[in-house]
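A short worksheet on the structure shown next.
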Amino acid sequence: MPFSFDGVIPRAAYDWEITVFSPDGRLFQVEYAREAVKRGTTTVGIKFKKGVALIVDKRITSRLIEPASIEKIFKIDDHIGCATSGLVADARALVERARIEAQVNRLTYDKPIQVKTLTRKICDFKQTYTQYGGVRPFGTALLVGGVDDTGAHLFATDPSGAMVEYKATAEGEGRDAAIEYFEKNYKENLSMEEAIEMGIEAMKSSKEDKKIDKEAIEIGVIEEAREFRILSKKEIEKYFREVR
């Protein structure tokens with residue numbers, strides 16, 4: 001780390017060395033990673049009775065792009081899925097690690113991993129990348145949803161490695177507006193259909209023109225049967241018509 005002639009560490013140097021806190025207790029690289037998440041597409045997660053729905057705006061920027069080629073919702077295990085906002089390449093690396101952790105748990109204990117346990121393992125891994133020089137934090141936030149023996153769970157993970165469980169939440173550029181919508185409208189024991197409709201409405205509320213492109217929307221759900229799946233275009237169109 002460079003020093004000034006009087007032996008004082010320049011303030012700008014704290015941008016370069018993530019193992020060192022700034023004098024006011026900040027880790028700038030973690031803050032920059034959070035900014036990458038804020039610039040990502042809007043992602044919402046919402047719990048319903050005995051299940052979780054994850055909804056993502058793929059943000060298709062050109063008519064030449066094949067929408068199916070953009071992956072932002074991933075199946076981790078039969079009973080767990082996640083949605084990402086931020087750097088998708090970083091998310092893929094975390095998803096691959098999460099899949100390995102889920103398989104290791106099955107091989108070791110002959111049972112599916114709990115949602116909270118898997119999320120904690122992901123966050124522990126993310127946190128290590130805030131401690132060492134020569135690496136950077138993951139510029140992605142994952143919404144992890146699943147159903148296990150303890151019920152349905154929805155967790156949000158932060159680039160710092162922090163995790164929080166929610167009933168409904170959002171990440172990405174429309175986070176604040178979507179969360180404000182959930183604060184006003186969320187109710188306990190929603191049906192899956194009601195949860196998806198509310199999630200789409202929350203996403204619409206985060207848009208300046210209050211419109212979303214159904215071709216850019218991807219939805220994943222996990223129900224009591226514990227089988228995470230991504231809805232087909234036909235299924236999504238049905239919900240899209242209902243919220244118009």
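Laboratory data are not the source of any read-out in this text; all were calculated from the coordinates shown. The shown structure was predicted, so the numbers you read here are calculated from the model rather than taken from an experiment. Methodologically, a virtual Cβ is constructed for each residue, glycine included, from the backbone with ideal geometry; neighbour enumeration extends over all protein chains shown.
Tabulated data for the structure shown
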{"read-out": "Net charge, D78 excluded, C-beta distance under 15 Å - Lys, Arg +1, Asp, Glu -1", "value": "-2"}
{"read-out": "Neighbourhood net charge (14 Å Cβ-Cβ; Lys/Arg +1, Asp/Glu -1) for Q103", "value": "+1"}
{"read-out": "Unit charges on C-beta of K, R, D, E only; dipole of the chain, Debye", "value": "360"}
{"read-out": "Built amide H within the under 5 Å cut-off of K58, gap 5+", "value": "I217, E218"}
{"read-out": "Between segment 172-224 and segment 103-167, the alpha-carbon center distance in angstrom", "value": "23"}
{"read-out": "For K38, net neighbour charge (Lys/Arg +1, Asp/Glu -1) across residues whose Cβ lies under 13 Å away", "value": "-3"}
{"read-out": "Greater than 19 Å apart at Cα, pairs in K126/K207; K38/K58; K50/K116; K38/K234; K184/K207", "value": "K126/K207; K38/K234"}
{"read-out": "Choice from D149, D176, D209 with maximal GNM fluctuation in the chain (Cα, 10 Å cutoff)", "value": "D209"}
{"read-out": "Ranked list, fewest to most other Cβ atoms within 10 Å of each Cβ, for S205, S22, S69, S85", "value": "S69, S22, S205, S85"}
{"read-out": "Over segment 123-198, volume per residue of the alpha carbon convex hull, in Å³", "value": "105"}
{"read-out": "Relative contact order of segment 26-242, defined on C-alpha pairs under 8 angstrom at six or more residues apart (%)", "value": "31"}
{"read-out": "Over the chain: Kirkwood hydrodynamic radius from C-alpha pairwise inverse distances, Å", "value": "18.8"}
{"read-out": "Using alpha-carbon coordinates, inclination of helix 192-205 to the longest axis of the chain, degrees", "value": "50"}
